[in-house]
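The structure under discussion appears below in the form of structure tokens.
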Amino acid sequence: MRTVKFETEPFTCPSCVKKIESVVSKKDGVDSTQVMFNSNKVKVAFDDSRISADDIAKTITDLGYPVLAQK
């Protein structure tokens, strides 16, 4: 299991949180997703043998929230 924090552009509304958490959490291999609204970060715990951090970053970006960095 691996945990990565994705830094994004600023979120504009609380519904952004639900949208990201809902979509990312449903990806195969993702264990948990936590969106930190005030710090513009998305923390994801996942099985890196089933999904990559880059795939998760692409999912977040495709939802309209460009990923600026991964830590």
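The values are calculated or read from the model by the stated rules, or taken from the named source; none is laboratory data. The shown structure was predicted, so the numbers you read here are calculated from the model rather than taken from an experiment. As a convention, Cβ positions derive from the backbone with ideal geometry for all residues, glycine included, and neighbour counts pool all protein chains shown.
What the table shows:
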quantity: Count - residues of region 1-15 that are within 11 Å of the chain's Cα centre (by Cα) and not hydroxyl-bearing (Ser, Thr, Tyr); calculated: 4
quantity: Unique match (being buried (at least 16 other Cβ atoms within 10 Å of the Cβ) and in contact with a strand residue (DSSP E or B) (Cβ under 7 Å, 6 or more places away or on another chain)) among THR3, THR61, THR8; calculated: THR8
quantity: Residue that is small (Gly, Ala, Ser) and surrounded by 15 or more Cβ atoms within 10 Å (Cβ to Cβ), where the choices are ALA53, ALA45, ALA69; calculated: ALA53
quantity: Within region 1-24, tally of residues that are at pLDDT 95 or above and among the small types (Gly, Ala, Ser); calculated: 1
quantity: Any pair with Cβ under 8 angstrom, 6 or more apart, that starts in region 29-56 at a residue that is at negative phi and ends at one that is basic (Lys, Arg) and part of a loop (DSSP other than H, G, I, E, B); calculated: PHE46/LYS27; ILE51/LYS27; ASP55/LYS27; ILE56/LYS27
quantity: Restricting region 27-42 to residues that are surrounded by 15 or more Cβ atoms within 10 Å (Cβ to Cβ) and aliphatic (A, V, I, L, M), the residue that is farthest from the chain's Cα centre (by Cα); calculated: VAL30
